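The values are calculated or read from the model by the stated rules, or taken from the named source; none is laboratory data. This is a predicted model, so every value here is computed, not measured. Cβ placement follows ideal geometry from the backbone for every residue including glycine, while neighbour counts extend to all protein chains displayed.
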Amino acid sequence: MKLAALLTSAGINTAVSVVLFSLYSVLRKQPSFVNVYFGAKIAQVRSRQQDAFRFDRFVPSPSWILKAWETSDEEICATGGLDAVVFVRMIVFSFRIFSIAAIVCNFLVLPLNYFGKEMQRHQIPAETLEVFTIANVEEGSRWLWAHCLALYLVSCCSCFLLYLEYKSISRMRLAYFTSSVSNPSYFTVLVRAIPWSREESYSGTVARFFTNFYASSFLSHQIVYRSGSVQKLVTDAGKVCKMLKLTPRELHIGSNSMRCGLCGTTASFSMLPMDAEGDKGRSDFGGSDLRKKESAAALVFFRTRYAALVASQSLQSRNPMSWVTNLSPEPGDMYWSNICVPYRLLWIRKVAILVASMALVAFFIVPVSLTQGLVHLDKLQKTFPFLKGVLKR
């Protein structure tokens, strides 16, 4: 590859990056994408404001880059947690190592390679990349110590920066755990794949199991109920069916003194029965339907963090697909609709994703390998002499 081709590729990648940054800057200003980019803030505020149309929403602005750069680790930890801080520090650490390696190589290694005596030099735009490699340095040259020095510099700087990052993250980790000792999620274990029993409900099964095996540390438990959007639709449909089955006397249509607003005349409205309106303040979990709405998952609370950790790491049954325990995620990381999914179905999903990923990699490697092989036919003939006849055909 020539240097001009490399610079062209770098320019294309830079242009694509600028386009993606600009697209992100525009999309984050659109009200329809507020839930995507500011989901955590909306969950805390629980309010959505409908702003008027403004033209500046469609104009890219680099202000968010400056705000992201000025954000401190404490603000990131308060917003996204300690994991987000560690992820950002990993990216910053990679940038630092890359910057050090780029400076050392550009000012020490690259000039030595370019002014070597093994290859003939041309104008820089027409040069091949092999001129800038160690292949251009003659064998036994005294300048090989510069390459070793560059390797030692990059390695020592990497180890030193890695030590500083590990020390800083360890302090932040200890401070985070110390400041959040009373976090209820540390004393909670998420139990999934609870065995179904005809004699008792899931709640009774969980209470009996943990009372028998963790009597000294078990505190209480809370069953996870199926109360998602689908369940609400089913409940509302049942209420509508009950209303339709009422007698005509109960569905009496009375006159209302309010104006229609369209023609100026009065309009009659059907008044719902008092029972239907009274159900609004009642909880959906009551009576005989309580057991039907229980899912095979529960949150179990312990008296100490150590007991919760032991229970989450222990195998509770001979069958690894039942009584599956894990430490409970924090309330902000809890996705309730996934908890109600049967545990066996989760394993099927994981296997399907693994198979799909392997198939994607296999179908991607085959055409790429074939294309690269066609580009380097001469090298293939030297490496595998028995393929000369096949390649000539």
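What pairs come out if I take residues in segment 67-78 that are in a loop (DSSP other than H, G, I, E, B) and pair them with residues that are β-branched (Val, Ile, Thr) and surrounded by 10 or more Cβ atoms within 10 Å (Cβ to Cβ) whose C-beta lies under 9 Å away, six or more apart or interchain?
From segment 67-78, the pairs are THR71/THR79; THR71/VAL88.
Name the residue, out of LEU174, LEU112, LEU162, LEU190, that is in a helix (DSSP H, G or I), at pLDDT 90 or above, on the phi < 0 side of the Ramachandran plot and of a type in the set (A, V, I, L, M, F, W, C).
LEU162
Of all helices (runs of 4 or more DSSP H) completely enclosed by segment 317-393, which ones contain at least 2 residues that are under 26 Å from the mean Cα position of the chain (by Cα) and modelled with pLDDT of 80 or more?
Passing ranges, in order: 343-375.
Could you figure out which of (1) modelled with pLDDT of 75 or more; (2) surrounded by 10 or more Cβ atoms within 10 Å (Cβ to Cβ) isn't true of VAL59?
That leaves (1) as the condition not met.
Please find, among THR178, THR211, the residue that is within 24 Å of MET90 (Cα to Cα) and either of a type in the set (Asp, Glu) or surrounded by fewer than 12 Cβ atoms within 10 Å (Cβ to Cβ) (or both).
Result of the check over THR178, THR211: THR178.
Yes/no per residue for (1) touching a Phe, Trp or Tyr at 6+ places or on another chain (Cβ under 7 Å); (2) in the same structural domain as THR205 (by TED's automatic domain parsing); (3) of a type outside the set (Ser, Thr, Tyr); (4) loosely packed, with under 11 Cβ neighbours inside 10 Å:
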| residue | (1), (2), (3), (4) |
| --- | --- |
| ASN319 | no, yes, yes, no |
| SER322 | no, yes, no, no |
| SER328 | no, yes, no, no |
| ASP333 | no, yes, yes, yes |
| VAL351 | no, no, yes, yes |
| SER357 | no, no, no, yes |
| PHE364 | no, no, yes, yes |
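So which of ALA307, ALA296 ends up being surrounded by 15 or more Cβ atoms within 10 Å (Cβ to Cβ), touching a Lys or Arg at 6+ places or on another chain (Cβ under 9 Å), of a type in the set (A, V, I, L, M, F, W, C) and not in a loop (DSSP other than H, G, I, E, B)?
ALA296
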